[in-house]
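Chemist: Quick one: the structure is below, and I'll ask about it shortly.
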Amino acid sequence: MRQDNIRRQISGRAIPLPGNDIDTDRIIPARFLKCITFEGLEAHVFEDDRRQMPDHPFNQARYRGTTILVVGQNFGCGSSREHAPEALRRWGIQGIVGTSFAEIFFGNCTAIGLPCLTLDSEDLAQLGKIVTQYPDQEIVLDLEDRVVRFGERSVPALIPDGTRNQLLMGTWNAMGVLLEAEHEIHRVARSLPYVTGY
């Protein structure tokens, strides 16, 4: 596997996004789904929320350049659009921490190498306070040890074994895995009578 596909640790500053049940239509409004590629979606992340709330975290200069998103419960619910994790990734988010994630959103994040880790509500509240009070504080999402580190604290994080293995081994990119196995795919195809002709 290519080394740049492997996700062991994600570190950087974090941006807090308070609230539960933030759906994909808020992450990237539906009118931006007409695009043929995902290019440029980052400019429209939380566009409607940002217009309605000038103090929205994604509008604040102190959170520019952050790589970790701190969210609440059931993040990414609603429609199953791939555009939501793509827009966040292109904005600069490399990892997300919350108390729970919508299942399809979680899968779409994994498919692009964007880890989603779950913390219990007390630990998440502490992380949110730290990120809000000290926006320059480095946060580490450690997939190998299943912990999130911030300040003097190291708290346990949950991530399903299968997802964690995909991220640690770099096999989250299904197309990349297929392309690397091209020789083996052709070898097997040549051995199948319904491919080669009877």
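Chemist: Sticking to Cα atoms, compute the Rg of the chain to one decimal and its Dmax as the biggest Cα-Cα distance, whole number, in Å.
Modeler: Cα only, the chain: 18.8, 70 Å (Rg, Dmax).
Chemist: Over the chain, with a Gaussian network built from C-alpha contacts below 10 Å, which listed residue (Gln166, Gln133, Gln73) shows the highest mean-square fluctuation?
Modeler: Per the Cα network of the chain with a 10 Å cutoff, Gln133 tops the list.
Chemist: Alpha carbon centre of the stretch 47-124 versus the stretch 17-45: separation in Å?
Modeler: Result: 10 Å between the Cα centres.
Chemist: Moving on to the next point. Kindly put His83, His44, His183 in sequence by how many other C-beta atoms sit within 10 Å of each C-beta, fewest to most.
Modeler: Details: His83 21, His44 18, His183 8.
Least to most surrounded, the residues fall as His183, His44, His83.
Chemist: To the nearest 0.05, how large is the calculated FRET efficiency for Ser191 and Ala111 if R₀ is 35 Å and r is the Cβ-Cβ distance? Write down the numbers at each step before the final one.
Modeler: On the way: r = 30 Å, r/R0 = 0.85.
Efficiency computed from Cβ-Cβ geometry: 0.70.
Where a number appears in this text, it was derived from the coordinates with a stated rule and is not lab data. Remember, predicted model here, so these are calculated numbers, not experimental data. Quick reminder, even Gly has a Cβ in these numbers, built from the backbone with ideal geometry, and neighbours come from all protein chains shown.
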